[in-house]
Amino acid sequence: MKDPRAERDLTVIAPIRDGHEAKLRAILDTIGDDVRNSEGLPFHELSTVHFMRWVVVPGFDRDGIAMAGPSLVLSTNFDPPRARHLHELVTRAADKLDEIYQHCEGWPPPEGRGPDAVLRYLEDHAADAECFYVGHPWRRRDQIVEEAALRRDLEAELDRLATTGRLVGWSSRQVYEHLRAFADDRRAASKVSYLPARRPWLWLRLALALLAWGLLALVLVIFCVVPLLIKEKLDARRGDADADAAHEARKQNYLQLADREDYLVQNQLTHLVEMKPGLVRHATLRMVLSLIGILARYYYNRGRLGDIPTIHFARWVLIDHGQRLLFFSNYDGSWESYLGDFVDKAAKPLSAIWSNTIGFPVTKALAWAGAKDEERFKTWARAQQIRTQVWYSAYPDLAVRNILDNTEVRRGLVARMNDDEVEEWLRKL
Amino acid sequence: MAAQAVVGDVVLDEIQGLVRTGFKALTSARYLLFAVDDLQAARRWLGGLSVTSAGHRPADERPTRAVNIAFTYAGLKKLQLDQRALGDLSEELREGMITEHRKRILGDHGASDPKSWLWGGPGMAEIHGALLLFAADADELEALTGEARVADGITWLEPALDTSWLPGRKEQFGFHDGIAQPNLLGVHTEQPGFDVVAPGEVLLGYPNQYGKLPRAPRIDGRSELLPRGDDFGRGGSYLVFRQLEQKVADLWSWARETAERLHVGDLFPAAADPGICVAAKMVGRWPNGAPLVRWPDAEPDTGDPDVLTDNSFRYAADDPHGLACPLGSHIRRANPRDWFLADDPGEALAVADHHRILRRGRAYGPPLVADMDTALLSRAADDGVPRGLMFLCLNANIGRQFEFVQHTWMNGPKFGGLHAGADPLVGDQQPETSARDLPPSFVIQAKPARLRCTNIRRFVTTRGGAYFFLPSIPAVRYLASL
């Protein structure tokens, strides 16, 4: 499935040196507190980056046995090709990478630490996402930023028409033609290249989606259904105890998470859960994630994942040899509204994923109930969320819907449209 | 919905009256904030307090007064509610309204910063509770206040929060208010339908709109005063209280300036007064209450209550593009109904019903123009007198209901697919949490093209506030018995 030219997500997991976790957290918090003006890490110069974050993932143990130590996870969403993105990281952020990763195991010693060694380190520690989603696919960062600038100028021109009284008596067509002429002048004056938005064929997407569903149904029925139903019954007995534990954990967790939220129109979420033990759970999870991955790539590629319209990028990554599941997402609006959408619009697929992890609200037949138990689901989600130390967005003022609309506005300037289409186009301004 | 099938057992006599009614027949009201000094004396006072229930009374026994009571988290702690019950109360109540995060969620910065509040701000007197007094007239209210104030063991905090009754059911900006409210199944109606939500959306201990019983405070041990022996929460609700100052003259002068600058009179010739047209577009209703969805061109000259309190309209079918009622207008943000929240109108309505609040606000301060005549009000100069709304609302989950509505709908710059700006009437127009490269603005959808009203200011500022728990009547008795 993997196409290196289309790859847009990087996950690098580096184990933290013994005794260095606190120092590393302090460094990252300092960067994270002031991402816009961060000295030494020039985020705005990273021209390939859409979103970027660093998270300290705590170690964990099970039944008193240490399973994994703490690690530092870097996650980026970038414009392909991947080699260019990595090159930019190791050359433009060299000093800051050094300051951060000297607290990680295996970081090259000073004498051998050229760009090549750093690049190799990142590559060696890179992990594949099980499932990846983009809300505004096929748009490069420059395109997103430039289309937003185009909108700004068109809106200002439209304001000028209104304040000078010229809208009175004009038809939609007249307004459109005026704006088109305005944009033509502007385009000649700037050196913007409009990048095409590419889309695969619909029949291909549909065929693949159907194939995937069929495949999943088959595999699930053959291998997993009976053991899963038995396991579910056993898990259900723990339901109330899990809910109480999550209620307490949420209380402990809430303030340090909220401290990093709601400064902008966008937010981030990093969420870490332990897998339920056993091969059936593992196989089921991978199957569900790869199915959602296929659908995300070929079907849900018009701005919505399921029915959720606010996700810029999201991914699931299995870590610690499949024993824990990480979820990263960059989304619009508040946590409460995002999680509300999970419950109202995507409860089944999300239950199918997370019911394989410990403490998730009780499910029925894998995908039913679970996330539909609104309060318990949200409590569980908060309890399992971890603090994102550093988070950067290249276009923090844009919602997914804005980005999609801005592209339509730009395309409309070069399209031939009838009167209805012109009116629809004007509504996007 | 499954939730609505199980209902029918709401015990009205156990519930405080405010849940069922805003006591609109009692036109005088005053809210007294208090702190508990002497625990034993305060409990005796509480035990003797006659709290008005939601139970139905025959029409000939109309009461001339009503008393309700609510407590902050600090107050419940002071009254020594046990640890288990305290821990089960919601995060929002426990943390209070003025945390750094809530300031961002609620838009409380700049002139609305809690530091400059009149009450409830950091370092100000700790509030333990609020006594809500309602009476048929001013004399009765004075008598009721006098009786309440003799309580031992209680310090009454300043300022006493007086309300005022404006002519024509209007709020201070001059618009007919309080029209759209959700109805609780089992409290306000026995019939499911439009604008009817499960009782658990407001009352703890009853199934909510998801068909679930949310976590509610239970005590360790048992008391014969409480339902099921330990259910402190059942029949209780969370009360949000905010004192909101309205800059009436400022709003109207902005509306008039904007109308002139954007040639609104030429684009909407049917509306007699362009300034009032802009203000109505901000609200989504004409000053007399008629909804723009039904009356897009001009304010209908009628006294027919079916027109003036018409709440039957939908957006997806009746006005999907906001050409009548702008996408970012106040009533559309406060409840988007069947529009925007999902493609399918039925699903959108179901989503909207997870975010309803029961509003119980009253105006305070004198009206800027005594008879609230729109023509006069919309041209009146500022008199420097503070006025506004004592905003009270009830809900079962402050985060999912009140705070969500405030943050995602009212103050959300991306609401409805828009790009920048908040609710034009009550929103936070500061750029702190908004898009920084687009000016805060209010967009009026129109033909041939939208009108963008930039330079919008904040016309409502927060002057005080706190989160309270409004216990059931058995729970009040239980607190008195501790």
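Does region B:412-423 include one or more residues that are among the aromatic types (Phe, Trp, Tyr), surrounded by fewer than 23 Cβ atoms within 10 Å (Cβ to Cβ) and either more than 14 Å from every other protein chain (Cβ to nearest Cβ) or under 17 Å from B:Gln246 (Cβ atoms) (or both)?
Here is the first cut: in region B:412-423, the residues among the aromatic types (Phe, Trp, Tyr) are B:415.
Narrowing the set further to residues that are surrounded by fewer than 23 Cβ atoms within 10 Å (Cβ to Cβ) leaves B:415.
Remaining after also requiring either more than 14 Å from every other protein chain (Cβ to nearest Cβ) or under 17 Å from B:Gln246 (Cβ atoms) (or both): none.
Within region B:412-423, not a single residue is among the aromatic types (Phe, Trp, Tyr), surrounded by fewer than 23 Cβ atoms within 10 Å (Cβ to Cβ) and either more than 14 Å from every other protein chain (Cβ to nearest Cβ) or under 17 Å from B:Gln246 (Cβ atoms) (or both).
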Exercise for the section: Note down all Cβ pairs under 6 Å where the first residue falls in region A:161-181 and is more than 7 Å from chain B (Cβ to nearest Cβ), the second is in a loop (DSSP other than H, G, I, E, B), and they're at least six residues apart or on different chains. Expected result: A:Leu161/A:Leu167; A:Arg180/A:Leu413
Practice task
State whether the residues of region B:242-260 include one that is away from chain A (no Cβ under 14 Å) and assigned to a loop (DSSP other than H, G, I, E, B).
Solution key: yes
Practice task
Please go through region A:380-403 and pick out each residue that is closer than 20 Å to A:Trp138 by Cα and open to solvent by less than 40 Å² (accessible area, probe 1.4 Å).
Solution key: A:Ser393, A:Ala394, A:Tyr395, A:Pro396, A:Asp397, A:Leu398, A:Ala399, A:Val400, A:Asn402, A:Ile403
Practice task
Could you name every one of the helices (runs of 4 or more DSSP H) located completely within region B:91-189 that has at least 3 residues being within 14 Å of chain A (Cβ to nearest Cβ)?
Solution key: B:91-95, B:100-106
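Select from region B:47-65 the residues that are in a loop (DSSP other than H, G, I, E, B) and more than 11 Å from B:Gln16 (Cβ to Cβ) and write down the one among them that is most open to solvent (accessible area, probe 1.4 Å).
Restricting attention to region B:47-65, the residues satisfying the condition of being in a loop (DSSP other than H, G, I, E, B) are B:49-52, B:54-58, B:62-64.
After this cut, where a residue has to be more than 11 Å from B:Gln16 (Cβ to Cβ) as well, the list is B:49-50, B:56-58, B:62-64.
Details: B:Leu49: 39, B:Ser50: 91, B:His56: 123, B:Arg57: 114, B:Pro58: 67, B:Arg62: 173, B:Pro63: 62, B:Thr64: 68 Å².
By that ranking, first place goes to B:Arg62.
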Handout entry: Residue within region A:124-147 that is open to solvent by 10 Å² or more (accessible area, probe 1.4 Å), within 14 Å of another protein chain (Cβ to nearest Cβ), more than 30 Å from A:Gly322 (Cβ to Cβ) and modelled with pLDDT under 95 present
Key = yes
Completion exercise
Matching residues in region B:66-87 (within 14 Å of chain A (Cβ to nearest Cβ) and open to solvent by 20 Å² or more (accessible area, probe 1.4 Å)) number 3
Practice task
Could you tell me which numbered condition A:Pro361 fails, if it satisfies all but one of (1) crowded, with 22+ Cβ neighbours inside 10 Å; (2) away from every other protein chain (no Cβ under 11 Å); (3) over 16 Å from the mean Cα position of the chain (by Cα)?
Solution key: (2)
Exercise for the section: Considering only region A:226-244, state which residues are touching a residue at least 60 places away in the same chain (Cβ under 8 Å) and away from chain B (no Cβ under 13 Å). Expected result: A:Leu228, A:Leu229, A:Glu232, A:Asp235, A:Ala236, A:Asp242
Practice task
Spot the failing condition for B:Asp152; the list is (1) modelled with pLDDT of 95 or more; (2) of a type in the set (D, E, K, R); (3) over 24 Å from the mean Cα position of the chain (by Cα), and only one is missed.
Solution key: (1)
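Just give me the residues in region A:65-111 being open to solvent by 20 Å² or more (accessible area, probe 1.4 Å) and hydroxyl-bearing (Ser, Thr, Tyr), in sequence order. Write out each step before concluding.
If we filter region A:65-111 for residues that are open to solvent by 20 Å² or more (accessible area, probe 1.4 Å), which is where we start, we get A:65-70, A:80-84, A:87, A:91-92, A:94-96, A:98-99, A:102, A:105-107, A:109-111.
Residue satisfying the conditions is A:Thr91 alone.
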Fill in the blank from the handout: All conditions in (1) within 16 Å of the chain's Cα centre (by Cα); (2) closer than 26 Å to B:Pro296 by Cβ; (3) of a type in the set (Phe, Trp, Tyr) are true of B:Trp339 except (1)
Exercise for the section: Enumerate the pairs (first residue in region B:448-477 and over 29 Å from B:Pro114 (Cβ atoms) and in contact (Cβ under 8 Å) with a residue 60 or more places away in the chain; second residue anywhere and open to solvent by 10 Å² or more (accessible area, probe 1.4 Å) and among the basic types (Lys, Arg)) with beta-carbon separation below 8 Å, excluding pairs fewer than 6 apart on the same chain, so at least 6 apart or on different chains. Expected result: B:Ser472/B:Arg234
Completion exercise
Selection from region B:340-372 of residues of a type in the set (D, E, K, R), away from chain A (no Cβ under 14 Å) and surrounded by 15 or more Cβ atoms within 10 Å (Cβ to Cβ) yields B:Arg359, B:Arg360, B:Arg362
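Would you check if A:Leu339 is out of contact with any strand residue (DSSP E or B) (no Cβ under 6 Å at 6 or more places or on another chain), closer than 30 Å to A:Arg62 by Cβ and within 14 Å of chain B (Cβ to nearest Cβ)? Break it down into steps so the answer makes sense when it comes.
Values: out of contact with any strand residue (DSSP E or B) (no Cβ under 6 Å at 6 or more places or on another chain): yes; closer than 30 Å to A:Arg62 by Cβ: yes; within 14 Å of chain B (Cβ to nearest Cβ): yes.
When the stated conditions are applied, A:Leu339 passes them.
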Exercise for the section: Tell me, yes or no, whether region B:381-389 has at least one residue that is without any contact (Cβ under 8 Å) to a residue 40 or more places away in the chain, open to solvent by 40 Å² or more (accessible area, probe 1.4 Å) and at positive phi. Expected result: yes
Exercise for the section: Provide a single number: the residues in region A:343-358 that are open to solvent by less than 10 Å² (accessible area, probe 1.4 Å), within 14 Å of chain B (Cβ to nearest Cβ) and over 17 Å from A:Gly293 (Cα atoms). Expected result: 1
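Rundown of residues vs (1) under 22 Å from the mean Cα position of the chain (by Cα); (2) at pLDDT 95 or above; (3) not acidic (Asp, Glu), yes/no style:
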{"position": "B:Ala324", "(1), (2), (3)": "no, yes, yes"}
{"position": "B:Ala352", "(1), (2), (3)": "yes, yes, yes"}
{"position": "B:Arg387", "(1), (2), (3)": "yes, yes, yes"}
{"position": "B:Leu394", "(1), (2), (3)": "yes, yes, yes"}
{"position": "B:Gly399", "(1), (2), (3)": "yes, yes, yes"}
{"position": "B:Phe402", "(1), (2), (3)": "yes, yes, yes"}
{"position": "B:Lys414", "(1), (2), (3)": "no, no, yes"}
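Looking at B:Pro192, B:Pro287, which one is of a type outside the set (S, T, N, Q), within 30 Å of B:Leu118 (Cβ to Cβ) and assigned to a loop (DSSP other than H, G, I, E, B)? Break it down stepwise before answering.
Details: B:Pro192 fails: within 30 Å of B:Leu118 (Cβ to Cβ).
After applying the criteria, what remains is B:Pro287.
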Completion exercise
Checked region B:187-204 for anything among the small types (Gly, Ala, Ser) and buried (at least 20 other Cβ atoms within 10 Å of the Cβ); matches are B:Ala198, B:Gly200
Practice task
Would you check which residues across region B:167-183 are of a type in the set (A, V, I, L, M, F, W, C) and either at pLDDT 95 or above or at positive phi (or both) and list them?
Solution key: B:Phe173, B:Phe175
Exercise for the section: Please work out which one of (1) more than 24 Å from B:Ile473 (Cβ to Cβ); (2) within 14 Å of chain A (Cβ to nearest Cβ) is the condition B:Leu204 fails and give its number. Expected result: (1)
Problem - Single match in B:Arg332, B:Arg314, B:Arg294 (criterion: out of contact with any Leu (no Cβ under 7 Å at 6 or more places or on another chain), within 30 Å of A:Lys345 (Cβ to Cβ), surrounded by fewer than 24 Cβ atoms within 10 Å (Cβ to Cβ) and among the basic types (Lys, Arg)) - result: B:Arg314
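The values are calculated or read from the model by the stated rules, or taken from the named source; none is laboratory data. Small disclaimer: the values here were computed from a predicted structure and weren't measured. Neighbour counts run over all protein chains shown; Cβ positions are idealised from the backbone, glycine included. When the accessible area is computed, the model is the full protein with side chains, heavy atoms only, and any ligands, DNA or RNA have been set aside. Shrake-Rupley method; radii C 1.70, N 1.55, O 1.52, S 1.80 Å.
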